[in-house]
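The values are calculated or read from the model by the stated rules, or taken from the named source; none is laboratory data. Quantities reported herein were computed from a predicted structural model and do not represent experimental measurements. A quick note on method: Cβ atoms are made from the backbone with ideal geometry, for glycine too, and the neighbour counts reach across all protein chains shown. Surface accessibility is based on the protein's heavy atoms, side chains included, excluding ligands, DNA and RNA. Shrake-Rupley method; radii C 1.70, N 1.55, O 1.52, S 1.80 Å.
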Amino acid sequence: MSLLPVEEALRRVLAGVTEPLGEETVGLADADGRTLARDLAARRTQPPFAASSMDGYAVRSADVSRATSSLIVVGESAAGRGFAGTVGPGEAARIFTGAPMPSGADAVALQENAVRTGAEVTISGPVKPGQFVRPAGMDFREGDVLLTAGTRLDPRRLALAAAMGWADLPVRRRPRVGLLATGDELVRPGEALGPDQIVASNLYAVVRLVARAGGEAVDLGIAADTHEGLAGSLETGFASGLDVLVTLGGASVGEHDLVQEALRRQGMELGFWRIALRPGKPLMHGRLGKLLFLGLPGNPVSAIVCGLIFLEPLLRALVGDPDAGRDRTEPAILAVDLPGNDARQDYVRATLVPRPDGLPLVTPLPVQDSGMLSALARADALLVRPPHAPAAETGSLVRVLRLT
């Protein structure tokens, strides 16, 4: 059986998302990390009035055209408490940052250039029209579409939505992602280990990948390597209202790798199995009705790499991210010589060293075993080596996928 190229595998995974998940409304305080379901237009103009950008005196620029000008102070304008009167010829109003510009005034003289004596203020230097004035609508105007569907909300965009007048936001529902680890050899961290057992570590990395992509992880536990054990765990998952089922391990073809057979018995339509990827060749993809399925390898590094390449884009597509499938790699300069590659696309664990005058230097770690989490934890990026890539010399331009 020929191995499926990584790009084609990702295309098929994303093609399984026929439409984004449904919409729900959440308050601003709960919207961080959520994805907008609809375009948002401003409900107000910002600023809603011409406002001062500095502390000083609101003046008519025509009155302050000489080296020194003396004006009569007729009022005060503060933020939230504007001056209701009018600044006439030869007059000024004390004004503070953010306060509305009084009628008649068209500029602000800095307080550093003003000397106040009773009701009179002397301004040093000429003041130009519009100086230190933020005009109404300088940021945006009512009706302007500033946030579009598919936008991932973060503190900056939430502040903008609030300024636009939105207290509640229409967002995509979070994908519910069931995570099922498989294997008699697995125990949870902190539990007693038998003589032939290991800690189930990759589950906790994938939980965070799900959250980072905007999903909600549902821990389905650890299934035993029996048809009965797997069937029971799968039934629990199917009853949990999942959008995506992710299994960890059991995706190979050994006598104890039962995931594919167990899912076939449940009616899974297998999309593909085995891809031209290192680490992560035994990746499975399919669907059970509306439920999408990804079978990640059991080796922890393989599971995390496949989660980055396939699971995160899948979840972003489910919440309507228009850039879900975009190439997230970036250029870097190779710090060492590399031999030619074979038929699989390599994701080599590597470190990055920034350079002040250009692209970062990337150096592969000396050990690349897919069971070594310590090496992955030291890595800054994955150095991508396409299938059949020729030998590359130090200083060559390569592509990397950052891990942070």
- Task: Might you check whether a residue that is touching a Lys or Arg at 6+ places or on another chain (Cβ under 9 Å), in a loop (DSSP other than H, G, I, E, B), open to solvent by 10 Å² or more (accessible area, probe 1.4 Å) and within 24 Å of Phe272 (Cβ to Cβ) occurs anywhere in the range 297-318?
- Result: no
- Message: Given the criterion closer than 14 Å to Phe49 by Cα and touching a strand residue (DSSP E or B) at 6+ places or on another chain (Cβ under 8 Å), identify the matching residue among Pro135, Pro100, Pro129.
- Response: Pro100
- All but one of (1) in contact with a Pro (Cβ under 7 Å, 6 or more places away or on another chain); (2) under 14 Å from Arg278 (Cα atoms); (3) touching a residue at least 60 places away in the same chain (Cβ under 8 Å); (4) surrounded by 17 or more Cβ atoms within 10 Å (Cβ to Cβ) hold for Asp346; which doesn't? (1)
- For the range 356-404, name all the residues that are among the charged types (D, E, K, R), surrounded by fewer than 18 Cβ atoms within 10 Å (Cβ to Cβ) and assigned to a strand (DSSP E or B). Arg399, Arg402
- Checklist (1) at pLDDT below 95; (2) open to solvent by 30 Å² or more (accessible area, probe 1.4 Å); (3) under 23 Å from the mean Cα position of the chain (by Cα) applied to Glu235, failing item: (3)
- Message: Quick check on Val353: is it over 21 Å from Leu209 (Cα atoms), assigned to a loop (DSSP other than H, G, I, E, B), out of contact with any Lys or Arg (no Cβ under 7 Å at 6 or more places or on another chain) and open to solvent by 40 Å² or more (accessible area, probe 1.4 Å)?
- Response: no
- Counting only residues in the range 56-75 that are without any contact (Cβ under 8 Å) to a residue 40 or more places away in the chain and within 15 Å of Pro129 (Cβ to Cβ), the one surrounded by the fewest Cβ atoms within 10 Å (Cβ to Cβ) is identified as Ala62
- Name the residues in the range 4-40 that are basic (Lys, Arg) and open to solvent by 40 Å² or more (accessible area, probe 1.4 Å), would you? Arg11, Arg12, Arg38
- Within the range 188-203, residues assigned to a strand (DSSP E or B) and either surrounded by fewer than 16 Cβ atoms within 10 Å (Cβ to Cβ) or modelled with pLDDT of 90 or more (or both) come out as Ile198
- Message: Take the conditions free of Cβ contacts under 8 Å to residues at least 12 places away in the same chain and either touching a strand residue (DSSP E or B) at 6+ places or on another chain (Cβ under 7 Å) or crowded, with 20+ Cβ neighbours inside 10 Å (or both) and apply them to Val115. Does it pass?
- Response: yes
- Output for the range 208-222, where each listed residue is closer than 20 Å to Leu21 by Cα and not in a strand (DSSP E or B): Leu209, Val210, Ala211, Arg212, Ala213, Gly214, Gly215
- Task: Scan the range 118-138 for residues that are buried (at least 16 other Cβ atoms within 10 Å of the Cβ), in a loop (DSSP other than H, G, I, E, B) and of a type outside the set (A, V, I, L, M) and report the count.
- Result: 3
- Item | Members of the range 152-181 found to be more than 30 Å from Leu248 (Cα to Cα), part of a loop (DSSP other than H, G, I, E, B) and open to solvent by 20 Å² or more (accessible area, probe 1.4 Å), listed by number | Asp154, Gly165, Trp166, Ala167
- Within the range 67-84, considering residues that are out of contact with any Asp or Glu (no Cβ under 9 Å at 6 or more places or on another chain) and polar (S, T, N, Q), the one modelled with the highest pLDDT: Ser77
